[in-house]
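Please read the structure below before turning to the comments.
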Amino acid sequence: MPTAKKTTQANGKLAVVVTGAAGHAAALLGALEALEAAGQKPDLLVGASGGALAASLYAAGGEAGPAREALYGLVSANSWQELADIDFGALRNLASRPHEVSGFVRGEALFGALRGTLLGNKGFQHTAIPLFVVATELNTGDAMVFGNETRDSLGEDAAYTTFARTEADLARVNVATAVRASMGVPGLFAPVSLDYYCLVDGSLRARRALAVAAAQPGVERVLWLHAGLEYADGFSLVCDYAGQSFAAGLLQTLSVAAADAFDPHTADPALAGKTVRFVNLATASVGAGDLTKTQALYESGRRSLTDLMTTADGFLAGEAKTAATALAAVVDEADGPRWQATVGAGGNNTLAVTDRNPTIQREFGYELDEYLKNAGIERLAAREPIGAMPWAKAQAEAKVGLLKLAAFYLVKGCGCVCRATTKGVRHVWLAVGADRLYAKCATATSSAMLNLLGTLGGKKS
């Protein structure tokens, strides 16, 4: 694989924040490989949502190679359907007790698949590179951070809340559990319950990941890698997602929220005096759950960051304006500027960059096989999903029995129809005044009967 030229080193640790939807974790890992090839290996990693998957695999393996093979092994063995174990109890409760439904996917299959990678049962104290995973705690709405540190060690004035209170708590939660919590899309996945915490997707508090990175001792450079939207792609989003499923729309909503999480003009005191770089790899043209494009996403992310660091030499160490000027010079006759760069205002050396023409859109839509052949890279055999209806049927038969589930909803459906019919007849009855007409007829009939009985009684006497 081609490598970027070595960039200028700077003093101080490099913290890398990685965020994005689950299926885009491959692009983030590819970017981390490009970073490693440029001689800028992360000193610590902070991940949220799909970025938690990418960061944890890289931190556990210690470098890009083992992380890539672990991710490829995951998608070779599992399609998205095999990672989405439907909670039929939640579907059943949806008809009678919808307020008790917390998610339609258990998440146990995803957790098992994570443990089947090189993460295994590793704790945060056993990763090759320091790792932090960010989830969202629904009871408070704040970020919950997992890592090899405790609240006792951080003190009361900590910039964020960590799960472990004492050293004993560090052994209670492994990396796979934290990643599963951070990838739990609310409404789709059941939340992870730990102690009295209710934990869901870390993308809801992605901005807190930046604070976690900046707060670590010795960190002077922060690179935020995000696999998200391309700002000028609004029309295609309408075309692609307007008719999509509930799950696709929800994942895309989180991607939109995460894209708005970084503001290069921020006055966050934690970033004062630090070099901050935000890079949007712009891979949202691929569905968030489309694991069949994992290899294309990986190569796209790797090539995007390689091109970026080759164009802007000293990207992580030099001045933001210098890097922005170099990037602005890259213009294509057909597609226009390759990079959209925004220099932050104020004293912070902050730069936000978006790849307007990522490789996944520009080349790999049709030429991935040719590219892999020329590069001498073996083609990944990702596991293809089956049709939606056969998959749902197979899930129902395996979990509860198809006839039992059909009978339950048939009974529920008939009950709903009967209740609706009864209420409808009652409303029609009231609407036409039939109840008053009935009362008048009953009163008239009763009066007539009494008069008749009175008359007959008088004749007898």
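Annotation: Leu114 carries an accessible surface of approximately 0 Å², with a 1.4 Å probe and no ligand, DNA or RNA atoms counted. The solvent-accessible area of Val343, taken with every protein chain present and a 1.4 Å probe, is close to 50 Å². Between Ala77 and Asp157, take the C-beta separation as r, use R0 = 35 Å, and let me know the FRET efficiency to the nearest 0.05. That gives a FRET efficiency of 0.20.
Phe278 contributes an accessible area of around 0 Å² to the protein surface, as traced by a 1.4 Å probe with all chains present. When the listed pairs Lys13/Lys321; Lys41/Lys321; Lys122/Lys373; Lys41/Lys122; Lys293/Lys373 are checked against a 26 Å cut-off, the alpha-carbon distance exceeds it for Lys122/Lys373.
With R₀ set to 41 Å, the beta-carbon distance separating Glu333 from Ile386 gives a calculated FRET efficiency near 0.40. Projecting label points 7 angstrom from Cα along Cα→Cβ for Glu63 and His126 puts them 2.2 nm apart.
Taking 20 Å as the straight-line reach from the Cα of Lys393, the aspartates and glutamates in range (excluding those fewer than 8 positions away in the same chain) are Glu82, Asp85, Asp87, Glu108, Glu384. Extension gain, Glu167 to Thr322: 0.36 nm times the residue separation minus the Cα-Cα distance gives 51.3 nm.
The values are calculated or read from the model by the stated rules, or taken from the named source; none is laboratory data. Being a predicted model, the structure only gives us computed values, none of them experimental. Note that we place each Cβ from the backbone using ideal geometry, even for glycine, and neighbour counts take in every protein chain shown. For the accessible areas, the whole protein counts, side chains as well, though only heavy atoms, and no ligand, DNA or RNA atoms are used. Shrake-Rupley method; radii C 1.70, N 1.55, O 1.52, S 1.80 Å.
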